[in-house]
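J.: My structure is below; once you've seen it, I'll send some questions.
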Amino acid sequence: MVAEHFCELCAVIGKDLTLEELVPAFLVLLKDAEAEVRIAAAKRVTGVCKLLTEEQVLKLILPTVRELINDQSQHVRASLASVISGLAPILGKKATVENLDLFLQLLKDEFPDVRLNIISNLDAFRGVVEIELLSDSILLAIVQLLEDRQWRIRLAIIENIPLLAVPLGQEFFDTKLISLCLALLGDTVYSIREASSINLKRLAQVFGPEWTLKNITPKALSLVHHPNYLYRMTTLAVINALSSVLGNELNESILVPLIVRLASDPVPNIRFRVAKTIQNMIPFLNTSTVNSAIVPSLDNLKNDSDQDVAFYALRALQSISS
């Protein structure tokens, strides 16, 4: 209970009394025999450090933090990893670089949640140190997390990859990460494939249409020819995701022909998704293209033998007429 509310207590008492009375007590909590107490205290390391000077953090807190990085409980290490990046702005560039091994060790931790928590909070380094100092370890951690047997771990890292786009930069993505992002479109778990499509959209929003055309669309949209319908379904997810990013002209020259092709797919689930995808795409298409290419496809689908396909095709046509 005390560990969970320690930061609030420090804020009430003030910096002077915190240093004299509460910091020693906090260090005791960080070394408590019960893992649950250490977990709660580790979560508040950055909050307490915000009330201290850089010198006080280095002298009083960091030695115990080093011990926690090797804590026998993976949950304690994960708790620390979720906040430790917040120390960078407090320590400043020089001290952060000198203690970079703390972050690097957590990036190499055997427990995936520890690595994931570090990567999820890398944005705290921006403006303090060059993220390139961590890039090799970041890449290794990402690769390991994307290969994790637990799909929850793979999903979490996918959702965090776009957050690395700005700090790591376009060149790093081009040479190190984009191939991994595209490979995830073929994951065995549907949720991963769906999240990968959204991930590509978020990257496209950061790097722009030209980068997207060069790095994403050739591979991602080639799945339209795959004999397994699940991969063709993934193509529709990518089309749905990118249509709001590419703009009318590119949508019409690249995405619309694929939609028209998939509208005659032999698998009802594909045709059903086509109708739903078209409805989402309509705001990002010119009226002339809608009338010449989209409406004829929907007219065919509204008479489909599958009731769900026909229903959503009719709904898409109604959205056009309205």
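The values are calculated or read from the model by the stated rules, or taken from the named source; none is laboratory data. Small disclaimer: the values here were computed from a predicted structure and weren't measured. Backbone-built Cβ (ideal geometry, glycine too); neighbour counts: all protein chains shown. Areas reflect the complete protein model, heavy atoms only, side chains present, ligands, DNA and RNA absent. Shrake-Rupley method; radii C 1.70, N 1.55, O 1.52, S 1.80 Å.
J.: Top mean-square fluctuation among Ala241, Ala33, Ala183, Gaussian network model of the chain, C-alpha springs under 10 Å?
T.: Between Ala241, Ala33, Ala183, it is Ala33 that shows the largest mean-square fluctuation.
J.: Taking θ as phi - 60°, what are the ³J(HN,Hα) couplings along the stretch 305-322 by the Karplus curve (6.51, -1.76, 1.60), each to the nearest whole Hz, with x for Gly and Pro?
T.: Working through the residues one at a time gives 5, 8, 5, 5, 4, 4, 4, 6, 5, 5, 4, 5, 5, 5, 5, 5, 5, 7 Hz.
J.: Among 42-53, 91-102, how do they line up by average Cβ neighbours within 10 Å per residue, starting with the highest?
T.: Details: 42-53: 20.6, 91-102: 15.1.
Ranked by mean Cβ neighbours within 10 Å, highest first: 42-53, 91-102.
J.: Percent of accessible area on the stretch 14-144 owned by carbon and sulfur, 1.4 Å probe? Could the numbers behind the result be given before it?
T.: Numbers: 3090 of 5930 Å².
In the stretch 14-144, the share of accessible area belonging to carbon and sulfur is 52 percent.
J.: Moving on. Hey, what D do you get for the chain in µm²/s if you plug the Kirkwood alpha-carbon radius into Stokes-Einstein at 4 °C and 1.567 mPa s? Please report the intermediate quantities before stating the final value.
T.: Working: Rh = 22.4 Å.
Calculated translational D: 58 µm²/s.
J.: Given a 10 angstrom Cα cut-off, can you work out which residue in Arg115, Arg202, Arg152 is the most mobile in a GNM of the chain?
T.: Highest fluctuation among the options: Arg152.
J.: Given the rule -39500 (n - 2.57) for each run of at least 4 DSSP H residues, summed and divided by the residues of the chain, what is its mean residue ellipticity at 222 nm, to the nearest 500 deg cm²/dmol?
T.: On the way: 21 runs with 195 residues, N = 322.
Computed ellipticity for the chain at 222 nm equals -17500 deg cm²/dmol.
J.: Okay, moving on. Can you give me the Cα centroid spacing of the stretch 62-96 and the stretch 166-220 in angstrom?
T.: Value for the Cα centre distance between the two parts: 31 Å.
J.: Read phi for every residue in the stretch 104-110 and hand back ³J(HN,Hα) as whole Hz from Karplus 6.51 cos²θ - 1.76 cosθ + 1.60, θ = phi - 60°, with x for Gly and Pro.
T.: 5, 5, 5, 5, 9, 4, 6
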